[in-house]
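Read the structure below first, then the notes.
Coordinate-derived values only; no laboratory data. Remember, it's a predicted structure, so these values are computed and weren't measured experimentally. Reconstructed Cβ throughout: ideal geometry from the backbone, glycine too, with neighbour counts over all protein chains shown.
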Amino acid sequence: MHFKEEILPMKKIYFLCSLFLIFNMQIRVQSHLDDIKAEHESLRSTYLFQPTEVLNTLIAGGFRGVAVDLLWVRLDDYSHEGQWYKLLPIFKTVTFLQPNFIVGWSVGGWHMAFNLYYQAKKPEEKREWLKKGLNFLKEGLIHNSRQYELYFELGWTYFFKAKDYPNAIRYLKHGAQFPHPQFVDHVLAHAYEMNHQLREALTLWENLQKSPTHAKRMEPVVNRQVIKLRKELSSGSKDFP
């Protein structure tokens, strides 16, 4: 009996070690293929194969959390080294193993829409990485539609990076239906302004002004926006923003 109890933990350890080695091999092969491909193309491949091809027969039950922890350590290393392209298969694998891990989706989308966008040289490459980042966030939203976070990430990316204010408003408004911090409302109000919806922006700032739960440290910002928009609306300005 004692012998069996000792053998079972050892099997788990061997399994996890094998899993880690296999994924290490996958990352190395992917990186090598990317380096070869980069010699001939200016835009590196995103995924030459899906992580599920290797992992779907190995991951089960309680091993998912352990595997994600190991992968996240590797991801952090690549991130600090600036090896952005090596992160992509890891993000795909992490979110496959734990689709409700919101940080995996949000950080992955950010790396594509901001870091890889910045690294790209040609305008069409930048557009492609922005699109990939947005699509990655939307995929995450399918699994996490009852929380504000990915709605905000999409809204912020559309607002700040894509300059697509109608879509920014769309996602920010939806995210604001769920419990959320005040900065979500701030970005939504700014998106209204940039979309020439000054009355909607003013109403949102005024509601924040009256709210008993609004952040006190943000009062100067809220008050300044209310004064500015009231002045703009009363003057009938046609060229704002």
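Just a few scattered comments:
- Flagged links, alpha-carbon separation over 18 Å, of LYS92/LYS173; LYS92/LYS131; LYS163/LYS231: LYS92/LYS173; LYS163/LYS231
- Per-pair calculated FRET efficiency, R0 = 25 Å: LYS210 and ASN167 via Cβ, rounded to 0.05: 0.30
- Label positions at ARG146 and ILE227, each projected 7 Å from the Cα along the C-beta direction, are separated by 4.4 nm.
- This model, with +1 at the C-beta of Lys and Arg and -1 at the C-beta of Asp and Glu, gives the stretch 165-241 a dipole about its Cα centre of some 120 debye.
- Percent of Cα-Cα distances greater than 15 Å, calculated over the stretch 165-241: 53
- Going from the residue with the fewest nearby Cβ atoms within 10 Å to the one with the most, THR213, THR203 rank THR213, THR203.
- The stretch between ARG217 and PHE178, if pulled fully straight at 0.36 nm per residue, gains 11.8 nm over its current Cα-Cα span.
- Counting beta carbons within 10 Å around each of PHE160, PHE136, PHE114 and listing the fewest first gives the order PHE160, PHE114, PHE136.
- Order of LYS161, LYS138, LYS121 - criterion: other Cβ atoms within 10 Å of each residue's Cβ, fewest first: LYS121, LYS138, LYS161
- Across the stretch 117-124, coupling constants 3J(HN,Hα) worked out from phi with the 6.51/-1.76/1.60 Karplus curve, θ = phi - 60°, read 4, 5, 5, 5, 9, 9, x, 5 Hz, and Gly and Pro carry x.
- Evaluating 6.51 cos²θ - 1.76 cosθ + 1.60 at θ = phi - 60° for every residue in the stretch 86-94, the Karplus couplings come out as 6, 6, 4, x, 6, 4, 4, 6, 4 Hz, glycine and proline recorded as x.
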